[in-house]
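Colleague: Once you've had a glance at the structure underneath, I'll fire off some questions.
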Amino acid sequence: MTNLREKRNSIGSVAGLVFISAGILFATGDATYRPLLILLPVFGTLLLIIFRDSWINKNVLSSSPFVFVGLISYTWYLWHWPLLSIARNLNGGNLPNYPTCFFLLLIGLALSLFSYFIIETPIRKKAITKKLTISLSICVFCCTLLGLLVQSLDGFPGRLGDSAAAALSSKNTFPKQNKYAKVKYGCSADLEFCWAPENSQPSLALIGDSHAHHLAFGLQKNWGKQFLLIGHPGTPPVKGIISLKHEKSSKQPLMSKALDTVINDPDIKTVVLSARWHYFVNSKKGDFQLLDYKNDSNLITLGKLLSQTISELVMHKKKVIVVLDVPQIPLNPKNCIKSRPLQTTAGNCTFQEDQRRNNDAKINEMIGKVAKNFSSVTVVDASKAICDQGICFVGDGVNSIYYHDDNHLTNKGSDLVLSKILQQGKF
């Protein structure tokens with residue numbers, strides 16, 4: 001019975017070490033698999049605890065070197081984290097190479113030994129007095145206050161140069177709505193985008209989701225005429241689709257209301273349809289409610305609804321311009337400019353156009369086929385302003401970035417895209 005128990009303990013503890021080692025070896029930054037990988041070392045540690053009487057636990061893990069590492073492990077963890085975070089910031093948002101990371105871990109070990117023996121151990125041996133408690137409480141309070149202050153200030157922008165700070169803070173600052181447009185066009189309270197210049201009579205309507213909104217800055221700057229921005233996030237500019245995520249309180253599709261507003265205004269002669277088209281095409285069942293074509297694929301459904309919407313616009317004598325979307329980028333746009341004090345070069349600001357995902361090619365082909373059925377419909381490709389000869393640019397690598405996340409343009413990007421579109425004379 002004793003031999004059987006020892007074998008069981010040995011097998012259990014070895015299995016625990018295997019699970020822990022697998023968690024380390026197969027560690028990945030992919031958020032999809034990270035929760036599952038975390039379970040490996042957790043389960044391995046659980047096995048080691050359950051089979052605590054094994055030979056490995058008694059003779060290896062209970063030995064003085066392992067016990068000592070355990071004593072300083074948390075202190076070491078507290079030191080290594082800021083060291084690697086600072087290194088990442090100085091390296092444009094990416095961890096340095098493995099030798100540098102290993103060297104930083106050794107520095108963290110040295111600091112943990114210092115703090116363990118000089119600070120932590122003496123404090124533990126001290127008698128718990130009112131003075132000691134108050135002193136430590138004040139230190140913790142000050143550290144917390146400093147952290148909240150840094151967070152409220154969004155870091156320390158002053159550490160960057162003026163151009164880098166401006167680029168990193170650059171977003172799409174175009175207003176989403178104003179009172180004049182909401183009153184003039186009777187925009188629903190739920191409709192997020194409804195803007196027009198004060199006391200204006202626009203002849204053009206830019207309609208769509210947030211990918212219409214992020215074009216508005218460039219349109220206003222480069223076109224020089226009055227226009228109406230109208231639409232709602234997360235929904236393509238076609239009739240018959242309700243975004244269950246963005247239109248929870250709506251019974252009638254908000255985009256249908258926006259389109260009807262444009263259709264029924266005789267002063268609006270041109271309608272620009274822009275959207276993150278693949279958001280609907282790649283959506284899961286339950287993300288949207290369809291009033292028709294429920295049995296078709298999302299791509300076919302979008303094509304049919306787009307054709308119907310354009311047909312109604314053309315019937316009301318509107319010129320229609322459909323904007324093919326800018327590419328979704330596979331990198332962090334903030335890394336593409338020189339922004340850190342010790343950063344010698346900017347990060348990667350380009351990617352191959354064939355890295356575009358999300359069925360963009362099929363979507364663009366579908367839109368092109370729909371447009372060919374109407375003589376008054378023009379298709380413009382916004383990605384041509386970002387990509388050239390198979391290479392797409394996220395920024396200029398100096399002081400301008402064109403994206404503020406992986407799919408929305410900054411003011412600079414909107415300016416670039418619309419200036420190039422307008423040069424084609426299609427508006």
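Colleague: For LYS245, are the conditions met, namely being more than 27 Å from the chain's Cα centre (by Cα) and open to solvent by 50 Å² or more (accessible area, probe 1.4 Å)? Give the derivation first.
Modeller: Details: more than 27 Å from the chain's Cα centre (by Cα): no; open to solvent by 50 Å² or more (accessible area, probe 1.4 Å): yes.
No: the conditions fail for LYS245.
Colleague: Determine if region 220-237 includes at least one residue that is under 25 Å from ALA385 (Cα atoms), out of contact with any Leu (no Cβ under 9 Å at 6 or more places or on another chain) and modelled with pLDDT under 90.
Modeller: Within region 220-237, the subset under 25 Å from ALA385 (Cα atoms) is 220-237.
Those left that are additionally out of contact with any Leu (no Cβ under 9 Å at 6 or more places or on another chain): 224, 233-234.
Keeping just the survivors that are modelled with pLDDT under 90 gives 224.
Within region 220-237, one or more residues are under 25 Å from ALA385 (Cα atoms), out of contact with any Leu (no Cβ under 9 Å at 6 or more places or on another chain) and modelled with pLDDT under 90.
Colleague: Another one. State whether one or more residues within region 217-230 are on the phi > 0 side of the Ramachandran plot and open to solvent by 10 Å² or more (accessible area, probe 1.4 Å). Don't jump to the end; show me each part of the working.
Modeller: Taking region 217-230 first, the residues on the phi > 0 side of the Ramachandran plot are 224.
If we keep only those that are open to solvent by 10 Å² or more (accessible area, probe 1.4 Å) too, we end up with 224.
Within region 217-230, one or more residues are on the phi > 0 side of the Ramachandran plot and open to solvent by 10 Å² or more (accessible area, probe 1.4 Å).
Colleague: On to the next question. Among the numbered criteria (1) at pLDDT 90 or above; (2) surrounded by fewer than 22 Cβ atoms within 10 Å (Cβ to Cβ); (3) not in a loop (DSSP other than H, G, I, E, B), which one does GLN289 miss?
Modeller: Result: GLN289 fails condition (1) only.
Colleague: Evaluate the following for LYS171: is it at pLDDT below 80 and in contact with a His (Cβ under 7 Å, 6 or more places away or on another chain)?
Modeller: On the way: at pLDDT below 80: yes; in contact with a His (Cβ under 7 Å, 6 or more places away or on another chain): yes.
Yes.
Colleague: Right, another one. Residues to consider are GLY240, GLY231; find the one that is among the small types (Gly, Ala, Ser) and over 11 Å from LEU191 (Cα atoms).
Modeller: Details: GLY231 fails: over 11 Å from LEU191 (Cα atoms).
On inspection, the qualifying residue turns out to be GLY240.
Colleague: Here's another thing I want to ask about it. Scan region 319-333 for residues that are open to solvent by 10 Å² or more (accessible area, probe 1.4 Å) and within 30 Å of ASP265 (Cα to Cα) and jot them down.
Modeller: Our first condition is that a residue be open to solvent by 10 Å² or more (accessible area, probe 1.4 Å); within region 319-333, this holds for 319, 324-325, 328, 330-332.
Result: LYS319, LEU324, ASP325.
Colleague: Of the residues VAL238, VAL262, only one is farther than 25 Å from GLY413 by Cα, assigned to a helix (DSSP H, G or I) and open to solvent by less than 50 Å² (accessible area, probe 1.4 Å); which?
Modeller: VAL262
Colleague: So which residues in region 54-92 are farther than 20 Å from PHE117 by Cβ and either open to solvent by 90 Å² or more (accessible area, probe 1.4 Å) or not in a helix (DSSP H, G or I) (or both), if there are any at all?
Modeller: SER54, TRP55, LYS58, SER62, SER63, TRP81, ILE86, ARG88, ASN91, GLY92, listed by residue number.
Colleague: What are the residues in region 241-255 that are outside any loop (DSSP other than H, G, I, E, B) and over 23 Å from TYR180 (Cβ atoms), if any?
Modeller: Taking region 241-255 and keeping what is outside any loop (DSSP other than H, G, I, E, B), we get 241-243, 254-255.
ILE241, ILE242, SER243 - these are the residues of region 241-255 that are outside any loop (DSSP other than H, G, I, E, B) and over 23 Å from TYR180 (Cβ atoms).
Colleague: Another question about this same structure. More than 21 Å from the chain's Cα centre (by Cα), farther than 29 Å from ASN298 by Cβ and of a type in the set (Phe, Trp, Tyr): is that true of PHE427 in this structure? Let's see the steps before the verdict.
Modeller: Values: more than 21 Å from the chain's Cα centre (by Cα): yes; farther than 29 Å from ASN298 by Cβ: yes; of a type in the set (Phe, Trp, Tyr): yes.
Judged against the criteria, PHE427 is a match.
Colleague: Does any residue in region 103-132 that is over 16 Å from TYR77 (Cβ atoms) come within less than 6 Å, Cβ to Cβ, of a residue that is part of a helix (DSSP H, G or I) and aromatic (Phe, Trp, Tyr) six or more places away or on a different chain, and which pairs are these?
Modeller: From region 103-132, no pairs qualify.
Colleague: Within region 209-227, is there a residue that is closer than 24 Å to TYR293 by Cβ and part of a loop (DSSP other than H, G, I, E, B)?
Modeller: Yes: one or more hits.
The values are calculated or read from the model by the stated rules, or taken from the named source; none is laboratory data. Remember, predicted model here, so these are calculated numbers, not experimental data. FYI the Cβ positions are ideal-geometry reconstructions off the backbone, even for glycines, and counts take in every protein chain you see. The protein model used for the area step is the full one, side chains on, heavy atoms only, and it has no ligands, DNA or RNA in it. Shrake-Rupley method; radii C 1.70, N 1.55, O 1.52, S 1.80 Å.
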